[in-house]
Amino acid sequence: VVAAAGTPATCAGWFSSAPAKPAPPAKDTLYYFPVPGAPGEVPRVVLLLGGRDYDDKRIGAKTTPPWSELKPTARFGQMPVFKTADGREMAQSRALSRYLSKTTMVDGAMLYPEDPWAAFQIDEYIDSLEDARSAIASTFAISDPEEKMAARAAMFKSGGKVFDGFKKIDACLAKGDSADGHMVGGKLTLADVWCFCVMNQFRAGFLDGVPTEGWLEELPYLSKVVANTAAHPAVKEHYSKMAVTNTLYAPHARG
C-alpha cells in the first residue's frame, strides 16, 4: 500500500467504520387492536401457550401505524392478521386459531386434536360461543347512549340473547362427558381458550353497558372453564403482569 508522505498506510474502507450489526431474525407477527376482544385475543393465548416468540403488534399503539393506513392492504380488510416469518399472511380468527392450535401442545396434548369427533365438538362449541357473542353487534347501531347501555345490560339477563346463548352451552356441558373445567375431553383445548377469551371480553369492562359481573356466576360449567384456563401457569403469569398496567385484563388474571 502506498501512502502519502507523513501519513500512515491504511486499507481504505475496510475498517473505517464499525461493522454493521446483523439484522435481527424475522419473527411471526400478529396484528390486532389493543383490547381483550375474543377474535384477536384467542391467537394471542394460543401463541402464549405454545411458547412462541412472536411480535404482538397492537394497532393504535405509538409503535404501530393507525388502522386506517393498514386496512386497505389487510387480508379481507379486517383483523386479526397473522404474518409468518417466511412471508405468509393469514386472516379469519377461527381458521387462524385452528391452524396455530394444530401445532401447539399443552400438557402432552394438542390444543386442536386430530381425532375428528373431538375436533367437531371443539368447532361446535366455538361456533356456538361466537353466535352468542355476536348478538351484541346489534347494539352498535343504537345512537342514544342510554338506550344502548340498557339494551346491552338486558342481553346479559335471563331472556337476553347473549346470556341465553351462553346458558344453552352451559347446559350442553352439564350433559356432556368432559372433565370439570374443560369443554371437550380432559385436556385444555382451543374450545377452552375461546371460552376464556369470550367471557373475559365481556367481563373486562371496555364495552359500555355490559355488566362485568353477575351473569357468569349463573353459568357454573362455563365458569369452571374460565377459572381452569386462567389457572394455567403460562396464562396466569402473563395476565397477572398485563393487569398491573391495564385493568381490562384483571378478569383474565383472576379467572
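The values are calculated or read from the model by the stated rules, or taken from the named source; none is laboratory data. Predicted model only: the values in this text are computed from it and were never measured. Note: ideal-geometry Cβ built from the backbone for every residue, glycine included; neighbour counts use all protein chains shown.
Being part of a helix (DSSP H, G or I) and either β-branched (V, I, T) or at pLDDT 90 or above (or both) is the filter here, so list the residues in the range 73-100 that pass it.
Result: T73, F76, G77, S93, R94, A95, L96, S97, R98, Y99, L100.
In the range 64-90, how many residues are farther than 21 Å from D53 by Cβ and either free of Cβ contacts under 8 Å to residues at least 12 places away in the same chain or hydroxyl-bearing (S, T, Y) (or both)?
Of the residues in the range 64-90, 8 are farther than 21 Å from D53 by Cβ and either free of Cβ contacts under 8 Å to residues at least 12 places away in the same chain or hydroxyl-bearing (S, T, Y) (or both).
Within the range 103-121, track down each residue that is of a type outside the set (A, V, I, L, M) and either over 20 Å from the mean Cα position of the chain (by Cα) or surrounded by fewer than 19 Cβ atoms within 10 Å (Cβ to Cβ) (or both).
Selection gives T103, D107, G108, E114, D115, P116, W117, F120, Q121.
Among the candidates V235, V244, which residue alone is surrounded by fewer than 19 Cβ atoms within 10 Å (Cβ to Cβ), aliphatic (A, V, I, L, M), more than 26 Å from M149 (Cα to Cα) and modelled with pLDDT of 95 or more?
Only one candidate qualifies: V244.
List every residue pair whose Cβ atoms sit under 6 Å apart, with the two residues 6 or more apart in sequence or on different chains, where the first one lies in the range 238-255 and is free of Cβ contacts under 8 Å to residues at least 40 places away in the same chain and the second, anywhere, is aromatic (F, W, Y) and crowded, with 16+ Cβ neighbours inside 10 Å.
Y239/Y249; M242/Y249; A243/Y249; A253/Y239
For the range 91-103, what are the residues that are hydroxyl-bearing (S, T, Y) and either without any contact (Cβ under 8 Å) to a residue 60 or more places away in the chain or farther than 16 Å from C197 by Cα (or both)?
Matches in the range 91-103: S93, Y99, T103.
Under the condition of being touching a residue at least 40 places away in the same chain (Cβ under 8 Å) and in contact with an Asp or Glu (Cβ under 7 Å, 6 or more places away or on another chain), which residue from the range 159-187 is surrounded by the fewest Cβ atoms within 10 Å (Cβ to Cβ)?
K187
Against the definition (without any contact (Cβ under 8 Å) to a residue 12 or more places away in the chain and surrounded by fewer than 19 Cβ atoms within 10 Å (Cβ to Cβ)), how does P145 come out, yes or no?
Details: without any contact (Cβ under 8 Å) to a residue 12 or more places away in the chain: no; surrounded by fewer than 19 Cβ atoms within 10 Å (Cβ to Cβ): yes.
For P145, the condition - without any contact (Cβ under 8 Å) to a residue 12 or more places away in the chain and surrounded by fewer than 19 Cβ atoms within 10 Å (Cβ to Cβ) - is not met.
Looking only at the range 113-141, which residues are of a type in the set (F, W, Y) and either touching a residue at least 24 places away in the same chain (Cβ under 8 Å) or farther than 21 Å from K175 by Cβ (or both)?
Across the range 113-141, the qualifying residues are Y125, F140.
Residues are listed down the side, and each one gets a yes or a no for (1) out of contact with any Ser or Thr (no Cβ under 8 Å at 6 or more places or on another chain); (2) of a type in the set (V, I, T):
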site: D177; (1), (2): yes, no
site: L216; (1), (2): no, no
site: V235; (1), (2): no, yes
site: L248; (1), (2): yes, no
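If you check T139 against the conditions, is it closer than 17 Å to V45 by Cα and surrounded by 16 or more Cβ atoms within 10 Å (Cβ to Cβ)? Working first, answer last.
Numbers: closer than 17 Å to V45 by Cα: no; surrounded by 16 or more Cβ atoms within 10 Å (Cβ to Cβ): yes.
The answer is no for T139.
Residues of the range 16-72 being part of a loop (DSSP other than H, G, I, E, B), modelled with pLDDT under 85 and surrounded by 17 or more Cβ atoms within 10 Å (Cβ to Cβ), which ones?
G37
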